[in-house]
């Protein structure tokens, strides 16, 4: 077997031990196939029924301290945003209320429906600016908070980078057509790639290795050039 010129001469297969690939193939797990088909059909039915008879937007709708969906529950249609009436504590949800618009220091008392521990719409311990986050939540503006509340803000929100998260969510929402095109395109490219591997695998492997190395180097220089032109040193 070490001889590179060996072509497999005089090699005999014991039919009793090795039957080799079967030429006449058939499905051996019919019951499993039936169960899988039934489960897939049931999943499709549940999904279609849920969309037709329910409201998928409830998945992303905020709800107040009493469990009412802002903008969705009866009587809450005109109150689509969730706002926290009291920031004095390290846990804000018991003071979550649905409001018509996000309050600010200039307009501190919003139109809201009291819920949970919030029996009024007066901000506590004092007025603060809030801004809309992913079109659902009124989150505090850090610079408008009193010093005594900055710690609570950092513990609950500040470390997560809400501005970045909001940017990501908005990008996905505005680019849904691109995702819709890209996902099926990926499967087509995978099929073409596997076909190419079957036809000329060795050439494709070497081309891939060379191209990947070149593209990584090009990407690195491109990022370095872009950063130098658009960002201050050390950013």
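General observations
- A Förster radius of 41 Å, combined with the Cβ-Cβ distance separating residue 57 from residue 32, puts the computed FRET efficiency at roughly 0.65.
- Label-to-label distance for residue 39 and residue 126 is 5.9 nm, based on points extended 7 Å past Cα in the beta-carbon direction.
- Calculated FRET efficiency, residue 187 to residue 217, Cβ-Cβ distance, R0 = 35 Å: about 0.75 to the nearest 0.05.
- Each label point was placed 7 Å from the Cα along the Cα-to-Cβ direction; for residue 109 and residue 142 their separation is 3.1 nm.
- Distance in nm between pseudo-label sites at residue 198 and residue 49 (7 Å out along the Cβ direction from Cα): 4.0 nm
- Legend: ranking of residues 193, 83 from fewest to most surrounding C-beta atoms inside 10 Å; resulting order 193, 83.
- The ellipsoid equivalent to the alpha-carbon distribution of region 75-115 has semi-axes of 17, 14, 7 angstrom, derived from the gyration tensor eigenvalues as √(5λ) and listed largest first.
- Ordering 126, 229 from the fewest to the most neighbouring beta carbons within 10 Å gives 229, 126.
- Across all directions, the shadow cast by the convex hull of region 26-141 built on its C-alpha atoms averages 10.7 square nanometres.
- Ordering of 208-215, 56-63 by burial proxy (mean other Cβ atoms within 10 Å per residue, highest first): 56-63, 208-215
- In this entry, region 175-235 is assigned a mean projected area of 6.3 nm², taken as a quarter of its C-alpha convex hull surface.
Read the figures in this text as sums done on the coordinates, not as results from a lab. A quick note: this is a predicted structure, and the numbers were derived from the prediction, not measured. Neighbour counts run over all protein chains shown; Cβ positions are idealised from the backbone, glycine included.
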